[in-house]
Amino acid sequence: MSEVLSDTVLLYMKARKFHWNVSGNSFMELHKLFERHYEALDTAMDEIAERISKLGFLVPGTLAEFVKGSSLKETPGKNPDQIGMIKELLKDHETVIVALRKGIDDCEDRFKDKGSADFLTGLIQEHETLAWTLRRYLH
């Protein structure tokens, strides 16, 4: 679960960064789109942290812990154009979806934790929706 939280925090920060830095002919539309993304991710972060706590573990809470625990990569000093922003967020959502699928399998098979498997299934559905909205801009 800590890895899921770390990925969510990094994805949240990217969505925020792009919200703050988007420019061009679709500025307002993408500004609002990125805002919807980081708002959804903010809600998810809190739910994931609560799940970790419910399972009896300490919730990570530093940027260093999140960066170390994430499968996503930061891009300091780089600000892609609109399509680049969309592609980067989409790639990250797809990476998270793959990790969540593995997490569900682990929860069910290795840990016999149906509650966490169900929780992760809900997260996948949210990431799939967010990825779908981004994908629509590329076709």
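Let's see how each residue does on (1) surrounded by 13 or more Cβ atoms within 10 Å (Cβ to Cβ); (2) out of contact with any helix residue (DSSP H, G or I) (no Cβ under 7 Å at 6 or more places or on another chain); (3) not in a helix (DSSP H, G or I):
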{"position": "K17", "(1), (2), (3)": "yes, yes, no"}
{"position": "G24", "(1), (2), (3)": "no, no, yes"}
{"position": "K32", "(1), (2), (3)": "no, yes, no"}
{"position": "R36", "(1), (2), (3)": "yes, yes, no"}
{"position": "S53", "(1), (2), (3)": "no, yes, no"}
{"position": "G61", "(1), (2), (3)": "no, yes, yes"}
{"position": "P76", "(1), (2), (3)": "no, yes, yes"}
{"position": "N79", "(1), (2), (3)": "yes, no, yes"}
| task | Of the numbered conditions (1) part of a helix (DSSP H, G or I); (2) in contact (Cβ under 8 Å) with a residue 24 or more places away in the chain; (3) farther than 17 Å from I124 by Cα; (4) within 14 Å of the chain's Cα centre (by Cα), E65 fails exactly one; give the number of that condition. | result | (4)
| task | Output the residue which, of all residues in region 85-110 that are out of contact with any Phe, Trp or Tyr (no Cβ under 6 Å at 6 or more places or on another chain) and over 27 Å from A64 (Cβ atoms), is surrounded by the most Cβ atoms within 10 Å (Cβ to Cβ). | result | I104
| said: Restricting to region 92-139, name every residue that is of a type in the set (D, E) and under 29 Å from N25 (Cβ atoms). | reply: D92, E94, E126, E128
| region 61-116: number of residues that are among the acidic types (D, E) and under 23 Å from W20 (Cα atoms) | 5
| field | The listed residue being in contact (Cβ under 8 Å) with a residue 24 or more places away in the chain and more than 12 Å from the chain's Cα centre (by Cα), out of S6, S26 | value | S26
| query | Checking L100 against (1) under 17 Å from the mean Cα position of the chain (by Cα); (2) modelled with pLDDT under 95; (3) more than 18 Å from F34 (Cα to Cα), which test does it fail? | reply | (2)
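The values are calculated or read from the model by the stated rules, or taken from the named source; none is laboratory data. Note that the structure is a prediction, hence the values are computed from the model and not measured. For neighbour counting, all protein chains shown are included, and Cβ atoms are generated from backbone atoms with ideal geometry for every residue, glycine included.
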